[in-house]
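Chemist: What follows is a structure written as structure tokens; I'll ask about it next.
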Amino acid sequence: MKKGESMCNKNQAFPDPASNVGRWSAPTQLSVLVVDDDESIRNMIGCALSLVGFKVVKAANGMQAY
């Protein structure tokens, strides 16, 4: 995979957000900050959250998060 290329693929093994409205779905105006020093973990969590409607902001450490 090339740097900057998104790992988030809507055809992955994530449920269709429309099928889980009220259970897993989040309004698009909600944001979440994902902080982890492991890029693959950040990307995986960010991808899963964005697929259910969250706006995701990622940071590699506390200083970036701040």
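The values are calculated or read from the model by the stated rules, or taken from the named source; none is laboratory data. Not measured: the values here are computed from a predicted model. Every residue, glycine among them, receives a Cβ derived from its backbone with ideal geometry; neighbour counts consider all protein chains shown. With ligands, DNA and RNA removed, areas are computed over all heavy atoms of the protein, side chains included. Shrake-Rupley method; radii C 1.70, N 1.55, O 1.52, S 1.80 Å.
Chemist: Suppose accessible area is computed on protein heavy atoms with a 1.4 Å probe; arrange MET44, MET63 from highest to lowest.
Modeler: MET63, MET44
Chemist: Which peptide among 47-58, 32-43 comes first, and what is the full order, when sorted by highest mean count of other Cβ atoms within 10 Å?
Modeler: Ranking, from highest mean packing down: 47-58, 32-43.
Chemist: Would you please give the FRET efficiency between CYS8 and TYR66, computed as 1/(1 + (r/R0)^6) with r the Cβ-Cβ distance and R0 = 25 Å, to the nearest 0.05?
Modeler: That pair, CYS8 with TYR66, gives E of 0.50.
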